[in-house]
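Reviewing the structure listed below.
The values are calculated or read from the model by the stated rules, or taken from the named source; none is laboratory data. Small disclaimer: the values here were computed from a predicted structure and weren't measured. Here the Cβ positions follow ideal geometry from the backbone for every residue, glycine too, while neighbour counts run over all protein chains shown. Just the protein is used for accessible areas: all its heavy atoms, side chains included, with ligands, DNA and RNA removed. Shrake-Rupley method; radii C 1.70, N 1.55, O 1.52, S 1.80 Å.
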Amino acid sequence: MLKSYRALPRALRWGLEILLVVLLFIVIRSWQSPGVASGPAPDFQGVTLQGDQVSLEGYRGEPLLLVVWAEWCRICRIELPMIEPLTERHQVLTLAIQSGNDQDVREFLAAQGLQLPVLNDAQGELAAELGVRGVPVMYIIDSDGMIRFTEVGLTSRWGLKARLWWAGRS
């Protein structure tokens, strides 16, 4: 079989290898995708690291960007600084999962120079309700508490802005 593969023209081999990589990427992304991709967002309530009482009900009226991240996630370290400017014009709440106690998360944010609204989900209970299997995960929740968009992995600020705008139109 290996000899017959090597006998194929180079362009065909490259095409097959590219196809294999794309399929592998799709399988990995599918596995990472949350179990809850649409429908009603799980109700939550808690106190942010900044001392604000938050709940899903408190965000009604405008779309909410809910970002699930972890201190140990390398992609999250790239993405969180891109998300911070969105807090100026949009409702944003971040959910730190399995990142230690409140003080650990505060120290991480300070070291990164970030000031984000954070609900610490140290045990990952809310993340489990959301169906999170990998981080980062972004949920766009519309003004009625329905999950409209879910994005896993690195995404762009403009893409999130577009989804927030679209969710605000519904």
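A few notes on this one:
- Residues (closer than 22 Å to Asp104 by Cβ, of a type in the set (A, V, I, L, M) and surrounded by 19 or more Cβ atoms within 10 Å (Cβ to Cβ)) located in region 114-155: Leu116, Val118, Leu119, Leu126, Ala127, Leu130, Val132, Val135, Val137
- Here Val135 meets each of (1) without any contact (Cβ under 8 Å) to a residue 24 or more places away in the chain; (2) of a type in the set (A, V, I, L, M); (3) in contact with a Cys (Cβ under 6 Å, 6 or more places away or on another chain) with one exception, condition (1).
- Close pairs from region 79-91: first more than 13 Å from Glu151 (Cβ to Cβ), partner polar (S, T, N, Q), Cβ under 9 Å, at least 6 apart: Leu80/Thr94; Leu80/Gln112; Pro81/Gln112; Glu84/Gln115; Thr87/Gln115
- Taking region 35-81 and the strands (runs of 3 or more DSSP E) fully enclosed by it, the elements with 3 or more residues that are modelled with pLDDT of 95 or more and not hydroxyl-bearing (Ser, Thr, Tyr) are at 64-69.
- Some residue of region 120-139 being under 18 Å from Gln50 (Cα atoms) and in a loop (DSSP other than H, G, I, E, B): yes
Here is a yes/no grid of residues against (1) in a loop (DSSP other than H, G, I, E, B); (2) over 18 Å from Arg60 (Cα atoms); (3) in contact with a Leu (Cβ under 7 Å, 6 or more places away or on another chain):
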site: Thr94; (1), (2), (3): no, no, yes
site: Ile147; (1), (2), (3): no, no, no
site: Gly159; (1), (2), (3): no, yes, no
site: Arg163; (1), (2), (3): no, no, no
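- Any chance Gly168 is open to solvent by less than 60 Å² (accessible area, probe 1.4 Å) and in contact (Cβ under 8 Å) with a residue 40 or more places away in the chain: yes
- Scanning region 46-81 for residues that are buried (at least 22 other Cβ atoms within 10 Å of the Cβ) and of a type in the set (Val, Ile, Thr) returns Val67, Val68.
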